[in-house]
């Protein structure tokens with residue numbers, strides 16, 4: 001993975017570990033020669049990871065809708081910035097520019113992005129690894145919900161397995177490096193389409 005898309009909060013969260021992990025992720029990305037692709041914001045974890053990558057000599061590409069940029073939340077010092085019109089354009093361009101996706105703690109926006117990218121993978125629209133960085137157990141309840149969805153027959157195990165999960169940056173990267181996508185429509189049975 002040479003370009004990593006990171007979804008994360010425009011807020012820093014209550015626990016300092018979230019910001020500390022954003023810094024560590026940014027540092028590790030630079031060590032590995034990865035370019036950051038993200039939503040272009042300057043606030044919260046988004047701003048932290050962008051600043052960390054830039055401060056350590058890495059490249060950062062932001063994609064931000066014009067209405068957010070006008071609200072002065074856009075990061076002013078990125079390597080490259082793309083101003084688009086809609087959130088849909090933003091998500092499509094971020095996916096196009098990346099080789100893999102990691103979601104850190106965040107709110108509705110991060111969840112929207114995560115589930116859309118998982119849906120796209122399930123449908124065979126991309127074959128990129130998708131990781132969930134479960135910082136401080138932040139996503140424990142979400143992981144439990146995904147397992148419940150699988151148990152109840154709303155999510156096939158092969159689709160559940162798209163999402164690689166770890167609380168450690170290095171182990172998450174290892175899982176993502178080893179990820180082998182399955183053919184999309186082999187996962188769907190006729191009665192599930």
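Some values worked out for this structure:
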{"quantity": "Residue list for the range 155-168, restricted to those being within 13 Å of residue 118 (Cβ to Cβ), outside any loop (DSSP other than H, G, I, E, B) and touching a strand residue (DSSP E or B) at 6+ places or on another chain (Cβ under 9 Å)", "calculated": "163, 164, 165"}
{"quantity": "Any helices (runs of 4 or more DSSP H) falling wholly within the range 44-142 and containing at least 2 residues that are surrounded by fewer than 20 Cβ atoms within 10 Å (Cβ to Cβ) and at pLDDT 95 or above", "calculated": "44-55, 87-97, 108-122"}
{"quantity": "Cross-chain or 6+ apart pairs with Cβ under 6 Å, the range 168-193 first and closer than 28 Å to residue 4 by Cβ, then in a helix (DSSP H, G or I) and modelled with pLDDT under 95", "calculated": "182/158; 187/158; 187/159"}
{"quantity": "Residue within the range 11-32 that is within 21 Å of residue 118 (Cα to Cα), in contact with a helix residue (DSSP H, G or I) (Cβ under 8 Å, 6 or more places away or on another chain), touching a residue at least 24 places away in the same chain (Cβ under 8 Å) and crowded, with 20+ Cβ neighbours inside 10 Å present", "calculated": "no"}
{"quantity": "For residue 150: the one exception among (1) surrounded by 14 or more Cβ atoms within 10 Å (Cβ to Cβ); (2) under 16 Å from residue 37 (Cβ atoms); (3) without any contact (Cβ under 8 Å) to a residue 60 or more places away in the chain", "calculated": "(2)"}
{"quantity": "Cβ-Cβ under 9 Å pairs, at least 6 apart or on other chains, the range 63-74 side on the phi > 0 side of the Ramachandran plot, far side modelled with pLDDT of 85 or more and buried (at least 18 other Cβ atoms within 10 Å of the Cβ)", "calculated": "72/42"}
{"quantity": "Of the criteria (1) buried (at least 17 other Cβ atoms within 10 Å of the Cβ); (2) modelled with pLDDT under 95, which one residue 157 fails", "calculated": "(1)"}
{"quantity": "Residue within the range 169-187 that is assigned to a loop (DSSP other than H, G, I, E, B), out of contact with any helix residue (DSSP H, G or I) (no Cβ under 8 Å at 6 or more places or on another chain), modelled with pLDDT under 95 and at negative phi present", "calculated": "yes"}
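The values are calculated or read from the model by the stated rules, or taken from the named source; none is laboratory data. Since this is a predicted model, take the numbers as computed values, not measurements. So basically every Cβ, Gly included, is an ideal-geometry build from the backbone, and we count neighbours across all protein chains shown.
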